[in-house]
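The values are calculated or read from the model by the stated rules, or taken from the named source; none is laboratory data. Predicted model, so just to flag it, every value in this text is computed and none were measured. All Cβ positions, glycine included, derive from the backbone under ideal geometry; neighbour counts span all protein chains shown. Note: accessible area is taken over every heavy atom of the protein model, side chains too, but ligands, DNA and RNA are not part of it. Shrake-Rupley method; radii C 1.70, N 1.55, O 1.52, S 1.80 Å.
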Amino acid sequence: MKLPYSWLKELIPQLPPVSELEPIFAQLGLPLEGIDESPAPPAGVLLAAVQAAEPMPGTQLTKLTLDVGAQGTQTVATGAANAVGLPAGTMVALVTPGTTLGEMTYGVREMQGVPSWGMCASARELGIGESNAGIMTFPAGTAKPGTPMQELWPADSVLDIEVTPNRADVLSALGLCRELAAFLKLELKEPNIPAAPTQPGEISISLPPKGRILERDPQKKVRSGSDHFAARAVAGVQNGPSPLWMQRRVSLAGMRPIDLIVDTSNYVMLELGQPTALYDRRDVANDRLVVAFGLRDGELVKDLIGNTHQTGPEDLLILDGGMADEPIMTVADAFSVMGEPKQGAHVLGVAGIVGGDHGHVRADTHDVVIEAAHFDPVLLRLTATRLGLKTDAVYRYERGVDPLLAPKAAVRVAELLREYGGGTPEAGQTLVGTPELPADITATGDQIRKLLGMEVATAEMRDILTRLGCKVSGEGDSLTVTPPSWRVDMVIWQDLAEEVARLHGFVNLPETLPHLRVHDSNLGASAPSESRASLRRTLSGLGFQEAVTYTFTSDDEAAKARTEAPNVKLRNPMTAERTGMRTALYPSLLKAAGSYGKGERVLLFEIGRIFPAAGETERLGLLMRGDLAARTYQDGVRGGFSVFKGLVQSFASALGASFELEQASEGDLPAALHPGIAGNVLWNGKKVGYLGALHPEIAAEFGLKGDTFIMEVALPLPGREWAFADPSRAPAALRDLAVIAPQGVSYGEIVQVLQDAGGSILESVEPFDVFTGEQVGVGNRSVAVRMTYRGAKTLTDEEVEPVFAAQIAAVRGKGWDIRDK
């Protein structure tokens, strides 16, 4: 949130200099994100009064005849659209000849036969705002013609304050100054706003008589939509530019000045924190505002800037009173069976979010209806999120606006329109609904002291809470606190402790060693993060680098990687390449690997989430490309599938897990893998993913040259019980065996047969040769293995040979053969 320092200084005259505010805001829990210095307009920019605005025939230009005070009468040619038809007396910002803006110095030049004396400028051209939609205009009589603009628009410091989601009460100049005044014990000068009229107004209001449980609401709470609604009519407003001081504050707060009516609404929101809506009274049928839930899914609402939104039965809308005195609970009551408006009922806007095209303020608007209301924050947040609308109004509503602020804001808007627009507010003001206010909170001073771990007298607690606007009662150490209406975040006694700590000062917390108390429900809560940290440390130790990539992908990228197309689509994608949530990790790693140079060694891993049709899950992905050793090393040593598999085996061993690569059946592996160099990963005996060489066609799609190997497994990886055993001191007995089996028989099947027949003394089975040729028959291959036997004592041949013979018999029992020497 941005606010100028001068505005805060007006509300707190004794406010410290801007250079001293940063630590004060930090102690309040409202850190400053920055302080921007906003300059004044250059000295050569003067305020000039329009005497005449005449179109220049045959051009898109307007000739302005200006009273520049001591500089006399001058003419300026301008192409600004808002210069057409400017009323006499309107004041503009005139850049006089000889003035430099940026790198350009302005002078007098002739345009279509009209001498243009300098230039009428926009806020952006002057460097004092972002608006460049037209020249700056101000009401007649703002200042004497020829007055330097910097006298009325001085330089200022703009504070950019970070506001936490629970502190909607400080999203305004008044709310922020309440905090500062309470902390610094300074006087707060609130805006002079008359009391709200007590007599009924001319505008009638209908609220839904009963609430609704929203399907999207996780709390499943009955929500009425609006529990406090104020409306007031103002007649005869002369709309035009807002006063200079108002434009200045609105601009410095990051908003664009529009006209008096719109700027007044925005100004009151910035000043008090209450959003308001203003409607052209001509469009409010029967002088009635109706708050109702939507008709059905797909109901179209056109907003005031021309965009169309689909609303549904859980969205709160504002209607005009086209149904006279008939009760309206939902939009359906205002429409016929065919869905057409009854008796002219129209949607005026989506409540608390955006105004509608029907009823919006126009250039010829003179009679307005002011709406100021308190809406359910959860309901509005759900609607705004679904519609993709985040306006300044809903930013405040969804955090919790003061439920009693609506009538005060309506009065403030009406008074400003009366003072600066010549409007006549009606004598009364309509107010309906009974808002829910913060409930009383009970606590004891001892409770708060124990929670904070510091000594704060109960009397000081009372003083702190009173300065914050609370009503405090209770005797002795007991406290009964009624929070002010604007502090909707104060609910439990721990909230009171937080307020005491903030204003007493976090800097006063004593330095003590904390007493660690872990709730039973938190035992083991850190296990998942510790497991991920262990994976990261182990892989980094093996030479892998962690990649952190976007979880977004696109249909084209998924097709290129031959993986499942995205099932979860983004409503507002950042780019065309990021339109959905990824369904596999390896495409992200392939893109990352493509950023490395040709022939450069690449070892990457990523821990991230994927979103396939089967459901969201967490995965670990590995990628290896390039040689891991110098080219002088043998091929099998410096790189290749065996090296990648060996790294994964080392990874498993470091984690105390078993790793096996199982031959996969057809269709069991992603199409991105090479069909002959891939398999399923068995981790502690359970299938968790796949490992293999990238298919050459996929590698070419991603611009990867040379062999690339990937692994992707599901997390968490299955664990197993740790077991410790003393290493055997007995020597091993070795036997070699060459098994002839059909080429369709996997190595894993051969090992399984040998292990089943090997009994308890078989320690390991390791392959050392594979042979195919005429000697073993067409369609067969010979797999030679070395088997290690070990017992509690030295094994004799008489103990090993029967086991070896049983293994040979088991092999032959499968229909396979043994290769002789």
Quiz item: Counting only residues 5 or more places away or on other chains, whose amide H sits under 5 Å from the amide H of residue 715 once H atoms are built in the peptide plane?
Solution: 618, 619, 620
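What is the magnitude of the charge dipole of the chain about its Cα centre, with +1 placed on the Cβ of each Lys and Arg, -1 on the Cβ of each Asp and Glu, and no other charges, expressed in debye to the nearest 20?
Charge dipole, the chain, about its Cα centre: 920 debye, nearest 20.
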Quiz item: For the range 472-481, in order, what is each residue's ³J(HN,Hα) by Karplus, 6.51 cos²θ - 1.76 cosθ + 1.60 with θ = phi - 60°, in whole Hz (x at glycine and Pro)?
Solution: 10, 9, x, 10, x, 8, 7, 10, 10, 10
Exercise. Mind jotting down the distance between the C-alpha centroids of the range 10-28 and the range 353-374, whole Å?
Key: 37
Practice problem: Would you work out which of 696, 640, 628 lies farthest towards the positive end of the dipole of the range 610-719, given +1 charges on the beta-carbon of Lys and Arg and -1 on that of Asp and Glu, about the Cα centre? | Solution: 628
Exercise. Calculate one ³J(HN,Hα) per residue across the range 252-263 by plugging θ = phi - 60° into the Karplus curve 6.51 cos²θ - 1.76 cosθ + 1.60, and present them in order as whole Hz with x for glycine and proline.
Key: 5, 7, x, 10, 9, x, 10, 7, 4, 5, 5, 5
Quiz item: Highest mean first, what order results for 316-322, 199-205, 72-78 on Cβ atoms within 10 Å?
Solution: 316-322, 72-78, 199-205
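Could you work out the relative contact order of the chain, using alpha carbon pairs under 8 angstrom and six or more residues apart, expressed as a whole percent? Please report the intermediate quantities before stating the final value.
Working: 1693 pairs, mean separation 68.1, N = 821.
It comes to 8 percent, rounded to a whole number.
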Quiz prompt | Normalised contact order of the range 81-204, rounded percent, pairs of Cα under 8 Å and 6 or more residues apart | solution = 18
Quiz item: What residues have an amide H closer than 5 Å to that of residue 228, excluding those fewer than 5 places away on the same chain, when H is modeled at 1.01 Å from N in the peptide plane?
Solution: 374
Quiz item: For the peptides 271-282, 178-189, 539-550, what is the packing order when you average, over each peptide's residues, the other Cβ atoms within 10 Å and list the highest mean first?
Solution: 271-282, 178-189, 539-550
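Report the gain in length on full extension from residue 437 to residue 799: 0.36 nm times residue separation, minus Cα-Cα distance, nm rounded to one decimal.
Difference between extended and current length: 121.6 nm.
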Exercise. Assign one of three labels to the range 635-697, namely rounded, prolate or oblate, based on the Cα gyration tensor with a ≥ b ≥ c the square roots of its eigenvalues; rounded applies when a/c is under 1.5, prolate when it is not and a/b is larger than b/c, and oblate otherwise.
Key: oblate
Quiz item: ³J(HN,Hα) across the range 513-530 via Karplus (A = 6.51, B = -1.76, C = 1.60, θ = phi - 60°), whole Hz, x for Gly/Pro?
Solution: 6, x, 9, 7, 10, 9, 5, 4, 5, 9, 5, x, 5, 8, 4, x, 5, 5
Exercise. Using the structure shown, list the pairs from 598/645; 390/471; 793/814; 9/302 with a Cα-Cα distance above 30 Å, or answer none.
Key: 390/471; 793/814; 9/302
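Tell me, what is the percent relative contact order of the range 501-654, built from C-alpha pairs under 8 Å that lie six or more residues apart?
18
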Exercise. Determine the dipole magnitude for the range 50-176: charges of +1 sit on the beta-carbon of Lys and Arg, -1 on that of Asp and Glu, nothing else is charged, the reference point is the Cα centre, and the result goes in debye to the nearest 20.
Key: 360
Quiz item: Excluding ligands and nucleic acids, what accessible area in Å² is computed for residue 756 using a 1.4 Å probe, to the nearest 10?
Solution: 110
Quiz item: Picking from 509, 733, 93, whose Cα lies most toward the positive end of the charge dipole for the chain (charges on Cβ: Lys, Arg +1; Asp, Glu -1)?
Solution: 733
Self-check item: Nonlocal amide H pairs with residue 101, under 5 Å, H built at 1.01 Å
Solution: 106
Practice problem: For the range 683-748 and the range 612-628, write down the distance between their C-alpha centroids in whole Å. | Solution: 16
Quiz item: Ranked highest first by the average count of other Cβ atoms within 10 Å around their residues, in what order do 302-309, 404-411 fall?
Solution: 404-411, 302-309
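Quick one: accessible area per residue over the chain, 1.4 Å probe, rounded to a whole number of Å²?
Details: 39340 Å² over 821 residues.
It amounts to 48 Å² per residue over the chain.
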Exercise. Beyond 34 Å, what share of the Cα-Cα pairs of the chain is found? Please give it as a whole percent.
Key: 68
Quiz item: So, with a 1.4 angstrom probe, what is the percent of accessible area on the chain that is carbon and sulfur?
Solution: 51
